[in-house]
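Beneath this line is the structure, given in structure tokens, with notes to follow.
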Amino acid sequence: MSGFNSRSQLAGRLVVAAALVSCTMLSVSTSARAYVEYQKVFMTEYIAEHTDKDFAKFVKRKARCYICHQGKGHKHDNIYGAHLAKLLDCKKDKKDVEKITKAIRKVADLPFDPKNKKSETFAERIAASKLPAGELEDLKKKPPGEEVVEEVGGK
């Protein structure tokens, strides 16, 4: 009987572990607010007809998620993505192309540097073949203030 009991306990633990992994994956994927529709609208609005074909290729192949996000895992919005996040509800609006388009156009007119109202706008940056939120190398770095959690216990 003890062998049966051990197997059922192991099976129970595996079910619990699988459920925890599934919940974790679901919560991570929904918190990122990275939706293909947002990227498609951005590409249509700014990249499809961009005069600088090298920049368009760079955005499509390398910058992609960094248009709106910063750091690994795309859990953090950069300055451009943060403005979009204020205008869009990630659950209700993720497939509303009209609302996404309006939000992208509205954010385009905002200054890149919010402390300097005379700074170039996001649209001006894109027209000048610059990513809206800064240099790709900087966008790949952890956002300022992101805490590094170290493992306790020496392992």
Taking the alpha-carbon centroid of each part, what is the distance from the range 39-59 to the range 89-143 in angstrom? 14 Å
Footprinting proxy, Val36, Val97, Val59: sorted fewest to most Cβ within 10 Å, the residues are Val36, Val97, Val59
Which of the residue pairs Lys95/Lys118; Lys102/Lys142; Lys92/Lys118; Lys72/Lys92 have a Cα-Cα distance greater than 32 Å in the structure shown? Lys95/Lys118; Lys92/Lys118
Neighbour counts of other C-beta atoms within 10 Å: give me Lys102, Lys115 arranged from fewest to most. Lys115, Lys102
By counting other Cβ atoms within 10 Å of each Cβ, how are Phe55, Phe122 ranked from fewest to most? Phe55, Phe122
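The numbers here are math on the coordinates, done by the rules we state, and not lab data. Because the structure is predicted, anything quoted here is derived from the model rather than measured. Please note: Cβ atoms are built from the backbone with ideal geometry, for glycine as well, and neighbour counts cover all protein chains shown.
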